[in-house]
Amino acid sequence: MIKFKKSAFFLFFTLCAAYSLQPTDLYAAPCYGTKMPQKKEFFGGFQSYSIFKRYLEQDYGTVKSQQEFFILSYGVFDWLSVDLKGGAGDIRQRSTAGEKVDYSTSFAGGYGLRLRLFERDKIKAVFGFQHISIHPHSTDVDGVRNRAILDDWQTSLLVSYAFNRFTPYLGTRWSRVDYIHKVDEDRKRRMSDSGKSFGLIAGVDVPLTQKIWLNLEGSAFDSEALAASLNFKF
C-alpha cells in the first residue's frame, strides 16, 4: 500500500532535522537496499563493507577502510525502519606525497533509518539516511603518536524492481567522509573531495530461503566501495 501522507510528513521532518545540523555534521555508508522489516519485525545479519578509495580534499590524498558489522533493523512502522550496527574497522590514509598512515582494526558503529516512499506491484522506492563512525587503534609514525576517526555519512534514494528470484535496485546518494586526524594535540578534520559528493548505487537482494537473503551493493563516482551482507528475518 502507498503511504503518501505518513511518508511525506516524516520525510519533511527528517530533512528539517538534517538541515538544522552544522555543516561538519552532515556528510558513504551502505544503503541496505529496499527490503525493509514490517511493523514490529526484526532483521539481523552480518555485513562486510570495503572502501577501496575515497578522495580527500586538496592534497590530502585518499582514504581506505575495511569494516565488519553485526547489523540489526527494526520496523517502527510498515513504512519506517531503524538500522543499527556494531563491529570493527580500520583506516588507511595515503597522502599525495606518498606518506602512509595505517590504523589497525578497532571499534566501529553506525545507525540510520529508511523510509518507504512508494510501493506498487513490484516497484518500490526508499529514502535512507546512514552514518558509520570508525575508531581504530592509534599508531606511531616516526615516534609520533597518530590517532584518527573516520566519519561516513549519506542520504540516498533507491528504486527496486522485484523479479521472481532476485530484486535489483539502482539509486543515487549524497555522501561525505571525514578523516579526523590528531597528531599529539594537533587535530585536523580532512573532508572528502566536495566535487565527488554525489554517487551512483547499484545493488541486489538474492533470497536463499524464505527468511534468509544475500545483499550485494556497490557505489561509484563519489567513492569506490562494495558491501555484502547475509540477512535473517526474525
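The values are calculated or read from the model by the stated rules, or taken from the named source; none is laboratory data. Quick caveat: nothing in here was measured; it's all calculated off a predicted structure. Using ideal geometry, Cβ is built from the backbone for each residue, glycine included, and neighbour counts are taken over all protein chains shown.
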Practice task
Sort out which residues of region 199-219 are within 16 Å of Q47 (Cα to Cα), touching a Lys or Arg at 6+ places or on another chain (Cβ under 8 Å) and small (G, A, S), and write them in order of number.
Solution key: S219
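Yes/no matrix, rows are residues, columns are (1) small (G, A, S); (2) surrounded by 20 or more Cβ atoms within 10 Å (Cβ to Cβ):
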site: L56; (1), (2): no, yes
site: G89; (1), (2): yes, yes
site: R92; (1), (2): no, no
site: E99; (1), (2): no, no
Exercise for the section: Taking only region 91-143 into account, find how many residues are among the hydrophobic types (A, V, I, L, M, F, W, C) and within 21 Å of G61 (Cβ to Cβ). Expected result: 6
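So if I check each of R145, R92, which one is over 26 Å from I212 (Cβ atoms), assigned to a strand (DSSP E or B) and touching a Lys or Arg at 6+ places or on another chain (Cβ under 7 Å)? Spell out the reasoning first.
Details: R145 fails: touching a Lys or Arg at 6+ places or on another chain (Cβ under 7 Å).
None of the others qualify; the one that does is R92.
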Completion exercise
Within region 148-165, the count of residues that are at pLDDT below 95 and not in a strand (DSSP E or B) comes to 2
Practice task
Any chance you could count how many residues in region 101-146 are closer than 27 Å to R173 by Cβ and surrounded by 14 or more Cβ atoms within 10 Å (Cβ to Cβ)?
Solution key: 28
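Those residues that are assigned to a loop (DSSP other than H, G, I, E, B) and touching a Lys or Arg at 6+ places or on another chain (Cβ under 7 Å), I need them from region 57-82; list them, please. Can you show your working first?
Going residue by residue through region 57-82, those that are assigned to a loop (DSSP other than H, G, I, E, B) are 57-61, 78-79.
If the condition is that a residue be assigned to a loop (DSSP other than H, G, I, E, B) and touching a Lys or Arg at 6+ places or on another chain (Cβ under 7 Å), then E57, Y60, G61, D78, W79 are the ones that fit.
Tell me, yes or no, whether region 105-119 has at least one residue that is outside any strand (DSSP E or B), touching a strand residue (DSSP E or B) at 6+ places or on another chain (Cβ under 6 Å) and either modelled with pLDDT under 95 or β-branched (V, I, T) (or both). First the steps, then the outcome.
Here is the first cut: in region 105-119, the ones outside any strand (DSSP E or B) are none.
Scanning region 105-119 turns up no residue that is outside any strand (DSSP E or B), touching a strand residue (DSSP E or B) at 6+ places or on another chain (Cβ under 6 Å) and either modelled with pLDDT under 95 or β-branched (V, I, T) (or both).
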Practice task
Show the residue pairs that are 6+ apart or on different chains and have beta-carbon atoms under 9 Å apart, the first residue being within region 77-88 and more than 15 Å from Y49 (Cβ to Cβ), the second being hydroxyl-bearing (S, T, Y).
Solution key: W79/S7; L80/S7; S81/Y32; S81/S73; S81/Y74; V82/S73; V82/Y74; V82/Y111
Practice task
Check region 73-81 and report whether any residue there is within 14 Å of D151 (Cα to Cα), touching a strand residue (DSSP E or B) at 6+ places or on another chain (Cβ under 6 Å) and crowded, with 18+ Cβ neighbours inside 10 Å.
Solution key: no
Problem - region 29-56, subset part of a loop (DSSP other than H, G, I, E, B) and closer than 18 Å to I134 by Cα, residue modelled with the highest pLDDT - result: C31
